[in-house]
Every structure is written in C-alpha cells, then in structure tokens.
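Peer 1: Below is a structure I'd like to ask you about.
What follows draws every value from the coordinates through simple rules; no lab data is involved. Keep in mind the model is a prediction, meaning the values are calculated, not measured. Ideal geometry is used to build each Cβ from the backbone, glycine not excepted, and the neighbour counts take in all protein chains shown.
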Amino acid sequence: MTPIDHDDRFMNWLDLPVPIWVFDVETLAFVAVNEATVSTYGWSSDEFLTMTIDQIRPPQDVGKLHELVRDQGSDHSDAGIWRHLTKSGHLLSVRVVVHSSVLHGRAVRYVAALDVSSLALAEARAAGSASLDRLSSEVSFPEFLAAVPEILADATVSSYASVRLLAPHGDASAPATEFGDAPQPGAPVLTVPTRVGGVLAAEVVVAGKPGEYDHHDIKTLELLTGDVLRVAERERVTTELEEAADRQGRALWATIEALSKAAEIRDSYTAGHQRRVAALAVEIGAVLGLTEFDLDGLYAAGMLHDLGKLGVPAEILVTPRRLSALEFQLIQTHVKVGADTLSGIPFPWPVADVVRQHHERLDGTGYPAGLTDREIIPAARIIAVADVVEAMVSHRPYRPAFPIRKALTELRDGAGIRYDADVVRACEEAIRRNGDALPVDTHRAWSGRTTR
C-alpha cells in the first residue's frame, strides 16, 4: 500500500482486500493504490504513481472514461462493468464503484474494482450459445453462417472474426465467412481449429482484442464452434433427407405417369381422359383453397382413377356400342381392381381410397359400396365431379360429345343429391375462369411438398 495520508478515511478504503486506488480528477494520475491493485494488475506501486488511469483501459474505452470522470457527481456511485488491462496485456472485466472526495485541496476519486471476469466470461459464452441457437431456428443456414463470425467476435471481445467450415461439414474450397476489418499487422490473433473424429472440421480466427488472448478465449471458441458444427450437421442431415424425399417423390410421380399411360393404351376411345380429369380436379381444388400438397394428391388420383380398367377385357373397353348389363358389371369392377393395385404403394395421399370411391354418390346410388354423404372422402367427391364432366363433354362411339352447359346442368341438378354442392360450385367457377371450357390437360409437375 502507498500511504497518502494518515487520515483514517483513506486508510479504511485502501486496506480492503479488493483493488482500490485514488486518482486526481484533473490530471487522471494515480495518487495511491493498495496491495490488491498491485497483485491484480501487475504494476508496482511506484509504477502506478507514474501512470494515469486511462493507461489501464483499452484504447477504445478511453473516451468513455473521460466522459465518466467529467460527468461524475460528488456522491458515491456504481459505474458499472468496465474493461481493464493488466501489465501482461490480460483483459479483465471489473465492476467499478466510485466515491468522490478532496485530498489536500484537490478533487480525487476513490475507485474500487471487483474482478468479475469469470462471470463476464460465462455470460459471453451463454449469450453466444443462445444467439446461435436462436438464429439456427429463425434463418436459413447461409444466413446463420454469415452471422456466426460476429457472434464469435463479441464472445471474445474481438474486432475481427472468420469461420471456415471444412469437410465433412462443409465445402473445403468454400471461402471463410468474416466479420469486421482484417487485423492490422502486429495485432493479437488467435486461431482455433476444431476436429471431429480426428478430422479437421472447422477453423476459427479472431483478432483485435484489447489485450492478449488466453486459454479462456480458446475454450469459448471451441464451445461455440461446437454449437456451429452441430447446426451444420443438422443442416447436412436435413438436406440429405429432403433430397432423398425429392428423389422418391419424383420417382413416384414418374410411376403415376407411366401407370396412367398403360391404362389408356388399352382404351383408345378414352385416351387422355385421366389426364383431363386430373387437370380439372386440380383446378376445382384450387378454387376450394386446397394446399399444393393436396392438389398433388388430386392430380395423382385423377391420373390413376381408371387404372383398374387394365383388368377389364379390351373388347369391352373399345366396343362402339352401348354396354349390356353384364358388360357394365364388368366395367364396374375397375374401381376395386384399381384400388387393390394401388393399395400397396405408399402414397402420401389416399389415392387408393379415391380410386375405390370415385363412382360413389352422396345419395347411395353409386358403386361399388353404395356409400353415402360423409362416408365418401373429400378428394373422391372432387374426382367424381371432374370425371362426370369430362366424360359428358368427350366424344364416345355410341354418342356425340355434350356441350359444356349440358354437363354443368347435370351437375347442378345433382348438387347436394348425387354430388357435393361445394364441389359443383367450385367446378363451375374453375370452368368459368378457363373461358367456359375445361382446363388444358397439361402435365403437372410435382410441387415437392411431402406434407400439408
């Protein structure tokens, strides 16, 4: 301790076991320091007496310090958390309490500085980890990765940070993402590699800390980089699953197209019927506000609703006359044959059920089960209406095509009786939007949606 006066007011302060010093308000020079200050900061008492208080602050904080001294009142006050530098260049976080007084006619301040570096370190790590966790659920992975360097810079009190993710977590040829200005020559720089299973997975560089980097900074970067790598791994797995689902979906879509063509090859008179039904069903579904996922399901069901005709003798399918009662019974079996054929395919939509029910009617007059009202699933109600309209407006060997208005009259007459009234209204609207004609039977690409 450096004695400054024999007055107990000063001795009681300087005798405490935490760093305490007295400085001159006008010159900012140290007037006295206690032994705790010497042991914590590393300078001797004599060295302190040749220094000013701004010499233990990072250069970035000096302006703020001068403002505090200028604006400080005469009372005791808590000045908050400040960054201090030791003689060795180590950066401390300290909670500062200031008391104004007068010594030998000069204004002085008593300062007590409690080292809270461990608490600040824990808070920095927790804040960094929380930021990474929040961002990983709020933004895309590229946006997340772009934000990582700034989070690492904040956690280590650095002005610059860069992050490079390497294989197997990223592209080894990809450039590092950076935050802040490149470090000046001679500035403190810390490089921390992170390995996973013995393989270099990431490399982090930070620079520009006011003071020297230490093992705490290394540990902080290792912990936070671990969080980043976990997010990267989750992104990799998610991407692989999505790509696998996309390949499976496209393969399923191609299968739908192939099966639909196979069914229509045997029935030349209704070639294109399934595609046209599918196109109209999708437009009806769009009017009803269905999701892209559900529209995909309607398209798939429409494309396959007559698949069961593969099990009907070809001569019946292509006969140019009206069918006999027995022949019509054979035709009716196509819904069961089609549904049974499709039941083993893991569609994400109830395609087999739609195929089985698309000839059912609300009043129970349909087939094969005579279902009524809500026993018929919504998608089957849509396909039923689209199927009826398309069949009526298409030419058949035993009758000419009906005008679109006659087909719509049939629907209106049966709305709420044989056909779902909401679906009928949606069908009329879809046709109106298409210039009072059926939609063109264009190929619908898979939306890529696997859920609603």
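Peer 1: With unit charges on the beta carbon (Lys/Arg positive, Asp/Glu negative), name the residue among 92, 27, 77 whose Cα is farthest towards the positive pole of the charge dipole of the stretch 8-115.
Peer 2: 92
Peer 1: Taking the Cα centre of the chain as origin, sum charge times position over the Cβ atoms of Lys and Arg (+1) and Asp and Glu (-1), and report the length of that vector in debye to the nearest 20. It would help to have the intermediate numbers written out before the result.
Peer 2: Values: 44 positive and 63 negative charges, 536 e Å.
Here the size comes out at about 2580 debye.
Peer 1: How high is the relative contact order of the chain, in percent, counting Cα pairs under 8 Å that sit 6 or more residues apart? Kindly include the intermediate steps, with their values, before the conclusion.
Peer 2: Values: 720 pairs, mean separation 43.0, N = 452.
Reported as a whole number, the value is 10 percent.
Peer 1: Could you tell me which residue out of 355, 166, 312 lies farthest along the dipole of the chain toward its positive end? Charges go on the beta carbon: Lys and Arg +1, Asp and Glu -1, centred on the Cα centre.
Peer 2: Of the candidates, 312 comes out farthest on the positive side.
Peer 1: Right, another one. Rank 252, 120, 58 by how far each Cα sits towards the positive end of the charge dipole of the chain (+1 on Lys, Arg Cβ; -1 on Asp, Glu Cβ) and give me just the farthest.
Peer 2: Of 252, 120, 58, it is 252.
Peer 1: What are the residues whose amide H is under 5 Å from the amide H of residue 57, where those residues sit 5 or more places off or on another chain and H is modelled from the backbone?
Peer 2: Under 5 Å from the amide H of residue 57: 85.
Peer 1: Hey, can you grab everything whose amide H is under 5 Å from the amide H of residue 362? Only 5+ residues off in sequence or another chain; H modelled, so Pro and N-termini drop out.
Peer 2: Here the answer is 373, 419, since their amide H atoms fall under 5 Å of that of residue 362.
Peer 1: May I ask for the angle, rounded to the nearest 10°, between helix 378-393 and the longest principal axis of the chain, with both axes built from Cα atoms and the value confined to 0 to 90°?
Peer 2: On a 0 to 90 degree scale, this one is about 40.
Peer 1: Normalised by the number of residues in the stretch 119-240, what is the relative contact order in percent for Cα pairs under 8 Å and 6+ residues apart? Walk me through the numbers on the way to the answer.
Peer 2: Numbers: 183 pairs, mean separation 32.9, N = 122.
Value for the stretch 119-240: 27 percent.
Peer 1: Please compute, over every Cα-Cα pair in the stretch 73-218, the percentage with a separation greater than 19 angstrom.
Peer 2: Working: 6611 of 10585 pairs.
For the stretch 73-218, the share of Cα pairs beyond 19 Å comes to 62 percent.
Peer 1: Can you list residues from other chains, or at least 5 along the same chain, whose modelled amide H is less than 5 Å from the amide H of residue 212?
Peer 2: So residue 212 has HN proximity to 90, 91.
Peer 1: May I pose another question? Quick one: 3J(HN,Hα) in Hz for the stretch 429-440, Karplus 6.51/-1.76/1.60 with θ = phi - 60°, rounded, Gly and Pro as x.
Peer 2: Listing the rounded values in order: 5, 4, 5, 4, 4, 9, x, 6, 9, 6, x, 5 Hz.
Peer 1: Another question, if that's okay. Helix 62-71: angle to the longest alpha-carbon principal axis of the chain, degrees 0 to 90, nearest 10?
Peer 2: 70 degrees
Peer 1: Karplus couplings for the stretch 182-192 from phi (6.51 cos²θ - 1.76 cosθ + 1.60, θ = phi - 60°), rounded to Hz, Gly and Pro as x?
Peer 2: 4, x, 6, x, x, 6, x, 10, 10, 10, 10
Peer 1: Tell me the label only: which of (1) 34.1; (2) 22.6; (3) 43.9 is mean projected area of the Cα convex hull in nm² as calculated from this structure?
Peer 2: (1)
Peer 1: Evaluate the charge dipole of the stretch 212-307 about its Cα centre and quote only its size in Debye, nearest 20, assuming +1 on the Cβ of each Lys and Arg and -1 on the Cβ of each Asp and Glu.
Peer 2: The calculated dipole for the stretch 212-307 is roughly 740 debye.
Peer 1: Also: Under a cut-off of 30 Å between alpha-carbon atoms, report the lysines in cross-link reach of residue 87, not counting same-chain residues fewer than 8 places apart.
Peer 2: Within reach: 64, 209, 219.
Peer 1: Let me know the charge dipole size of the stretch 266-433 about its Cα centre in debye, to the nearest 20, where only the beta-carbon of Lys, Arg (+1) and Asp, Glu (-1) is charged.
Peer 2: On the way: 20 positive and 22 negative charges, 133 e Å.
Here the size comes out at about 640 debye.
Peer 1: So what is the calculated 222 nm ellipticity per residue for the chain, using -39500 (n - 2.57) for each DSSP H run with n of 4 or more, over all residues, to the nearest 500 deg cm²/dmol?
Peer 2: On the way: 16 runs with 212 residues, N = 452.
Calculated from helices alone, the mean residue ellipticity at 222 nm is -15000 deg cm²/dmol.
Peer 1: Continuing with this model, one more query. For 333, 365, which order do you get if you count the other beta carbons within 10 Å of each Cβ and list the fewest first?
Peer 2: Values: 333 15, 365 12.
Going from least to most buried by this count: 365, 333.
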